[in-house]
Structures are given as structure tokens and as C-alpha cells.
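K.L.:
Pasting in a structure now, in C-alpha cells, and then I'll have a few things to ask.
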Amino acid sequence: PEDAFDPAAVHYVATWKHPPGALAGLPHLKAIFSLGAGVDHVFDDPDLPDVPVARVVDPDLTMRMSEWVLLHVLLHHRQQAMYDWQQSQKIWDEDRDQPAAKDVRVGVMGLGELGADAARKLDMVGFDVAGWARSRHRLEGIRSFVGDADLDAFLARTDILVCLLPLTPQTRGLLDAKLFGKLARDGRLGGPILLNAGRGGLQKEADILAALESGVLKAAVLDVFETEPLPQDSPLWTHPRVTISPHNSAISHHDSIAAAIARQIRAFERGEALGNVVDRGKQY
Ligand code: NDP
Ligand code: OXD
């Protein structure tokens, strides 16, 4: 049951996937805070009040996402699944080809708070890193590809694709058969690998499964899904070349988010500008 409250007394709302229309009718609302870094769930509301929308930007969350990216890129780079199998069979075969990190091309889609940090850390490990975003990013050692015009060139030089994009009307369904078909076919890992921790709506899961079957993709590591929780009957659960984590690649502590929002409100009430406000036009 909903607690009774006076709509006129609500000045700020902190939300995660509120029911559409739930924020209408709050006459003194000053700002909306997303309880996560993503704001697609806020813009899903067609009756969203016309007040600033702020999101979580948190070094702890960023660090956790970079850990997830590094973990899975390194597991694939160092062929850990194959060594796990060798161990299960008690096979001692040290003659496997192991490329150097500099010969593996990682492409990061989205160079915002999360993508830029992951790209920098991948670069520090020695991978050949590029990034793709709407605008030019100047990150030392990381080649910047921009917008639709550069997408094909970015994909053509990518062995491991790391998607850290927001879900917007422009990015929905971007990770599809057409895009997978443009990834590099001449890489050292035996086929392109997809990592997605952005949002499930970015990917077409039927296309991922078909690309895995046809060899267009070698493997996929997914933290986010079209439907969450991932339905029990999804073939992704049991696919031998799919790795799943339950949308927890980068969880922020409730306490630290609540404290950050409280700090934002106090500063705003003192007359300072609200931080981490998203652009309504771009929806991220
Ligand atoms: P930011 O807003 O800081 O960065 C978004 C990046 O995506 C920017 O570089 C932006 O380009 C780029 N981008 C947006 N739209 C397009 C487009 N149409 N074409 C090309 N590039 C585009 O977001 P964060 O890095 O903080 O977070 C990214 C997403 O990660 C969140 O929106 C959320 O969905 C997801 N997330 C997932 C978590 C999980 O646990 N799985 C945890 C936290 C976040 P430009 O720089 O040019 O503006
Ligand atoms: C977020 C998330 O957006 O956890 O913060 O997905």
C-alpha cells in the first residue's frame, strides 16, 4: 500500500523505474534524481514533470564497472575458458598461441563517465583501444571515432566490443546482426567478442544467438538483457559461449547514493547549480 503524503510538500524525488505518471501532480517539485547512472527509466514516463533530471556519477560505481570490463576482456584475451577445459581434461598443452595485448583491438562504445574510465584502464593494460561516441574525445593513447560517419571504421578495427552506451531513441537495438557483421574478422582471438553492460534495450538477443551460431560472434558477455530478470526459458542461460551476470556489473551502495543526493539537495537549496543534470534533448 502507498503511504499517504501531501503532493504539495514534495520538492525532490529520487526514483528507479517509477510507474509512468507517478510524478505528475507534484506542484512544488524542483528536481528528479535517478537512483542509477542511467536515466532511460526516467524518460520512459510520458508525463515526466518539466524539472531538471540528475543522475548518479560515483567513482565507486565507475571503478566497479571498469573491474567488470577488465575481468571479461582479460578472461577472453588469455583464453581462460579453454584452459578451464584443459584442466577438466588434465591436458598439459602450453603451445597455445597467446597474442600480446597490444595486438588485440578493443573498441569501447560510449566514452562517458564509465566508458572513458574503462578505456583508460584497458589502455594501461596494453590493449589497442579505440572509443566511439557522439562527439570527439581526446584521451591519450585512445583513438576517437565519432558518430554514424565513423561507426563502420570503428567496428572494422574491433576484436572485443565493449558497450557502455546509454539507452536512448538513437541507441535502441544498435547491437544487431548488421553491426556484428561489421566487426573485425582478422583479429587474433578467432572471432569478435561482445561485452554489453549498457542496457538490454541496446541489444537484439535473437541476433546475438544467431551470430554465435554462425560464427559472426565468438562469444558474448552480457550484464543487461531485453527483459530483466532474464526469463528462465532464454537460450542465453545455457549457451556455452555466453557469460551472464545479473545486471550487477556496477552496483552503487544505497548509502553512498543517498548521501550524494542529500549533498546535491543541500547545495541546490544554497543556490548552487545542480550537478550531473542530463540533457533532456539527448536523454542521457
Ligand atoms: P555518460 O552519459 O557519461 O556517457 C554516455 C556516452 O555514450 C557518451 O560518451 C556519449 O557520447 C555516448 N553516446 C550516447 N549516445 C550516443 C550515440 N547515439 N552515438 C554514439 N555515442 C553515444 O554515461 P555513463 O558512462 O555514466 O553510463 C553509460 C550507461 O551505462 C548508463 O546510461 C547506463 O545505461 C549504463 N550503466 C549500467 C550499469 C550496470 O550495472 N550494468 C551501471 C551504471 C550504468 P558523447 O560523449 O559524445 O556525449
Ligand atoms: C545504473 C544501473 O544505471 O545500475 O546505475 O544500471
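K.L.:
Distance between the C-alpha centers of the range 13-60 and the range 187-227? Whole Å please.
P.N.:
30
K.L.:
Find the accessible area per residue for the chain; the probe is 1.4 Å, ligands and nucleic acids are left out, and the unit is Å².
P.N.:
Value returned for the chain: 52 Å² of accessible area per residue.
K.L.:
Whenever you get a sec, compute what percent of the accessible area on the chain sits on carbon and sulfur atoms (1.4 Å probe).
P.N.:
54
K.L.:
Is the shape of the range 142-261 best called rounded, prolate or oblate, per the rule: a/c under 1.5 gives rounded, else a/b larger than b/c gives prolate, else oblate, with a ≥ b ≥ c the square roots of the Cα gyration tensor eigenvalues?
P.N.:
Oblate, because a/c is 1.5 or more while a/b does not exceed b/c.
K.L.:
With the cut-off at 1.5 for a/c, could you classify the chain from its C-alpha gyration tensor as rounded, prolate or oblate?
P.N.:
prolate
K.L.:
Now a separate question. Counting helices only, and only those DSSP H runs with n ≥ 4, report the 222 nm mean residue ellipticity of the chain as the sum of -39,500 (n - 2.57) divided by its residues, in deg cm²/dmol to the nearest 500.
P.N.:
Using -39500 (n - 2.57) per qualifying helix, the result is -9000 deg cm²/dmol.
K.L.:
How far is it, in nm, from the label point at E94 to the one at R78 when both lie 7 Å from their Cα along the line to the Cβ?
P.N.:
1.6
K.L.:
For the range 180-239, which semi-axes, largest first and in whole Å, follow from the square roots of 5 times the eigenvalues of its Cα gyration tensor? Kindly include the intermediate steps, with their values, before the conclusion.
P.N.:
Details: eigenvalues 91, 29, 18 Å².
Result for the range 180-239: semi-axes of 21, 12, 9 Å.
K.L.:
Within the chain, how many Lys pairs that are eight or more residues apart, or on different chains, come under 18 Å at the alpha-carbon? Walk me through the numbers before you get to the answer.
P.N.:
On the way: K102/K121; K178/K204; K178/K218; K182/K204; K182/K218; K204/K218.
Total qualifying Lys-Lys pairs in the chain comes to 6.
K.L.:
Can you tally the net charge around D58? Count Lys and Arg as +1, Asp and Glu as -1, for every other residue whose Cβ sits under 11 Å from the Cβ of D58. Can you show the working numbers first?
P.N.:
On the way: positive: R55, R64; negative: D60, E113.
With Lys, Arg at +1 and Asp, Glu at -1, the neighbours total 0.
K.L.:
Something else about it: Considering only DSSP states other than H, G, I, E and B, which chymotrypsin sites (Phe, Trp or Tyr not before Pro) in the range 1-31 qualify as loop sites with at most 16 other Cβ atoms within 10 Å?
P.N.:
F5, W16
K.L.:
Please list, ordered by chain and number, the residues whose modelled amide H lies under 5 Å from the amide H of A31; skip anything fewer than 5 residues away on the same chain.
P.N.:
Excluding prolines and chain starts, which carry no amide H, the hits are V13.
K.L.:
Largest first, what is the accessible-area ranking of M82, M63, M124, M109 with a 1.4 Å probe?
P.N.:
M124, M63, M82, M109
K.L.:
Can you tell me how the range 241-283 classifies by the Cα gyration tensor, rounded, prolate or oblate, using a/c under 1.5 as the rounded cut? Can you show the working numbers first?
P.N.:
Details: a/c = 6.45, a/b = 1.83, b/c = 3.52.
Note, shape of the range 241-283 comes out oblate.
K.L.:
Of R241, R136, which has the most accessible area with a 1.4 Å probe, and how do the rest follow in descending order?
P.N.:
Descending accessible area places them as R136, R241.
K.L.:
What are the radius of gyration and Dmax of the range 1-106, computed over its Cα atoms and given in Å?
P.N.:
Gyration radius and largest Cα-Cα distance of the range 1-106: 23.9, 71 Å.
K.L.:
Starting from the Cα-Cα distance between E269 and K182, subtract it from 0.36 nm times their residue separation and give me the gain in nm to one decimal. Intermediate values should be presented prior to the final figure.
P.N.:
Values: separation 87, 0.36 × 87 = 31.32 nm, distance 4.98 nm.
Taking 0.36 nm per residue and subtracting the Cα distance, the gain is 26.3 nm.
K.L.:
Excluding Y12 itself, what net charge comes from residues whose Cβ is under 10 Å from its Cβ, given Lys and Arg +1 and Asp and Glu -1?
P.N.:
0
K.L.:
Which distance in nm do the two modelled labels at D60 and D103 give, with both placed 7 Å along the Cα-to-Cβ direction?
P.N.:
4.2
The values are calculated or read from the model by the stated rules, or taken from the named source; none is laboratory data. In this text, all values refer to a predicted model and were calculated from it rather than measured experimentally. We place every Cβ from the backbone using ideal geometry, glycine too, and count neighbours over all the protein chains shown. Surface areas here come from the heavy atoms of the whole protein model, side chains and all, with no ligands, DNA or RNA. Shrake-Rupley method; radii C 1.70, N 1.55, O 1.52, S 1.80 Å.
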